[in-house]
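**Student:** First, the structure itself, so that you have it in front of you.
The values are calculated or read from the model by the stated rules, or taken from the named source; none is laboratory data. Just so you know, these numbers come straight off a predicted model, no measurement behind them. With ideal geometry, Cβ positions are generated from the backbone for all residues, glycine too; neighbour counts draw on all protein chains shown. Areas reflect the complete protein model, heavy atoms only, side chains present, ligands, DNA and RNA absent. Shrake-Rupley method; radii C 1.70, N 1.55, O 1.52, S 1.80 Å.
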Amino acid sequence: MGVDFQSFIEGLTTAIQPMNLLWVLIGGFLGTVVGMLPGLGPATAVAVLIPITFGMDSTSALVLMAAIYYGAMYGGSRSSILLNTPGDGSAIAATFDGYPMTQQGRAGQALTISAIASLIGGTVAIIGFILLAKPLASFALDFGPAEYFLLLVFTLSAIVSLSKGNMVKGFISMSIGLLLSTVGIDLQTGVYRFTFDIPQLSEGIDFLVVIIGVYAVGEVLYNFLNIDDIKKEKSKVGKKGITREQWKSSKWPMFRQGPIGFLIGVLPGAGGSIASMLSYTTEQQLSKNPDKFGKGAIEGVAAPESSNNAASVGAFIPLLTMGIPGSGTTAVILGALIMLGLQPGPLLFENNPDTVWTLVNSMFIGNLFLVVINILLIGLLVRILDTPPKILYPLILVLAFIGTYTLSYSIIDFYILVIFGVIGVVMKLLKFPVAPLILGVIVGSDMEQNFRKSIVAHDNFINILFASPITITLLIMTVLSIAYPFIVEWVKKLKQGRA
């Protein structure tokens, strides 16, 4: 797709019309607020607001829904950083260093770098969208079951390999997550697996229930055991301005991981969760001092935040060029666009170029709005930390239970939530890494289905590994990611021996 500069300028003119600017502002703000609420996320927000779009023209409706989407990407990390409670799956990585920064009295800086990283990731992705939409859509079509399977294997291997000193625990955690993903009806055979004759488990365990249980409920239960210490830790919020040294250590992670998030977002079904996790692990492996990650490293917030916002922009490429939703939220948007009379696909750029380019320009404007809104809100948000723990923790539990109930309106989810809350506490006490478990639950089902499809298509496992240049590349990356920690330790020992 060559860039049609005349259509681009016309789209910019439409995007800056007062009514469209208002929709961008409203959508971005609503997305930010909803993104902070555990269990809701952008897909729910877009679905709830679809009736509002019925009286709007299709371009303004698309602008509003897109603003809600990337606004939620900004908002999801707010509760991750302040309360260790991810708003949705794509905000998990923000807890790894964002919450430790809050505990160290640096919540303001964590929220600031998160907003700046989201702006940079979104901007990089928008430029990528303008220049590469059609070629990347074609590349995404080259991903069959074998390629998807090895992409997910690589993502899991990268997150486990960073459980340094605890790789066995990381592997156990990941295995538990993969086992949990098998609960429910086998999509290929129709057999019920591990449901214990509970009808509500036939569709499996929603990974958001696991996330909310392990992080929100688990954190609350753990903090109640240490409530006096927690109260002292959270008395200082710190300044929101970042230092020159912090910017220096964060700028390249933000610019590096934006393109990675964008490319992952282009792949249908990959989404912000994989993008943010992969970016975090990649940045830790590239770091000269990887041991500081997980202890309040500011680049550990910047990298995944840049990546997940870029992924939300990338998800629009398969939606608009092929009519294939790149994420759960774009699936909702696809249905809304069809109802509004727009048919996403190859002809959309020719038949409705004004709509596409208005959307692209509105994304850039929306990201500028959102970074300002989120930085201005820091003073208000950090006041949450002044709330007495005896009030704050029950409030978090209430939000967790409400968010869980809205997922499927099932009481069974409450029991699952509590079970995973207890599991979260036990894992924290035994120092088991939580991230591999969460990622295993998120990708397990897709990984299994793509593996089984690959076996049918390629006859055996060896053929899957060498099915295409993409699978070979991903296989090499997987081996390198597993070997990396051992190579680093070996090099350190060599240097110590020479010294």
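**Student:** Considering each of 439, 475, 465, 494 in turn, give the residue that is open to solvent by less than 80 Å² (accessible area, probe 1.4 Å) and either within 23 Å of the chain's Cα centre (by Cα) or not hydrophobic (A, V, I, L, M, F, W, C) (or both). Please lay out each step first, then the result.
**Tutor:** Values: 475 fails: either within 23 Å of the chain's Cα centre (by Cα) or not hydrophobic (A, V, I, L, M, F, W, C) (or both); 465 fails: either within 23 Å of the chain's Cα centre (by Cα) or not hydrophobic (A, V, I, L, M, F, W, C) (or both); 494 fails: either within 23 Å of the chain's Cα centre (by Cα) or not hydrophobic (A, V, I, L, M, F, W, C) (or both).
Being open to solvent by less than 80 Å² (accessible area, probe 1.4 Å) and either within 23 Å of the chain's Cα centre (by Cα) or not hydrophobic (A, V, I, L, M, F, W, C) (or both) holds for just one of 439, 475, 465, 494, which is 439.
**Student:** So, one more: Could you tell me which numbered condition residue 43 fails, if it satisfies all but one of (1) at pLDDT 75 or above; (2) under 30 Å from residue 283 (Cα atoms); (3) assigned to a helix (DSSP H, G or I)?
**Tutor:** Every listed condition holds for residue 43 apart from (1).
**Student:** Can you pull out the residues in segment 79-102 that are farther than 14 Å from residue 306 by Cα, open to solvent by less than 10 Å² (accessible area, probe 1.4 Å) and within 13 Å of the chain's Cα centre (by Cα)?
**Tutor:** Those that are farther than 14 Å from residue 306 by Cα, open to solvent by less than 10 Å² (accessible area, probe 1.4 Å) and within 13 Å of the chain's Cα centre (by Cα): 80, 86, 87, 89, 95.
**Student:** Then there is this: Starting from residues that are open to solvent by less than 30 Å² (accessible area, probe 1.4 Å) and of a type in the set (Gly, Ala, Ser), keep the ones in segment 316-334 and report whichever is modelled with the lowest pLDDT.
**Tutor:** The selected residue is 326.
**Student:** Being touching a residue at least 60 places away in the same chain (Cβ under 8 Å) and either within 21 Å of residue 173 (Cα to Cα) or surrounded by 15 or more Cβ atoms within 10 Å (Cβ to Cβ) (or both): is that true of residue 434 here?
**Tutor:** Values: touching a residue at least 60 places away in the same chain (Cβ under 8 Å): yes; either within 21 Å of residue 173 (Cα to Cα) or surrounded by 15 or more Cβ atoms within 10 Å (Cβ to Cβ) (or both): yes.
Taking the combined requirement at face value, the residue satisfies it.
**Student:** Any residue in segment 248-271 that is at pLDDT below 80 and in a helix (DSSP H, G or I)? It would help to see each step written out before you state the result.
**Tutor:** Start the filter on segment 248-271 by keeping residues that are at pLDDT below 80, which leaves 267-271.
Add one more test, that the residue is in a helix (DSSP H, G or I), and what stays is 271.
Yes, segment 248-271 contains at least one residue that is at pLDDT below 80 and in a helix (DSSP H, G or I).
So that you can scan it fast, the table gives a plain yes or no per residue for (1) modelled with pLDDT under 80; (2) surrounded by fewer than 16 Cβ atoms within 10 Å (Cβ to Cβ); (3) of a type in the set (A, V, I, L, M):
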| site | (1), (2), (3) |
| --- | --- |
| 338 | yes, yes, yes |
| 347 | yes, yes, yes |
| 357 | no, no, no |
| 363 | no, no, yes |
| 371 | no, no, yes |
| 375 | no, no, yes |
| 384 | yes, no, yes |
| 387 | yes, yes, no |
| 392 | yes, no, yes |
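**Student:** Another question, if that's okay. Using beta carbons and a limit of 6 Å, which pairs, at least six apart or on different chains, have the first residue in segment 95-114 and among the aromatic types (Phe, Trp, Tyr) and the second one open to solvent by 10 Å² or more (accessible area, probe 1.4 Å)?
**Tutor:** Cβ pairs passing all conditions: 96/294; 99/84.
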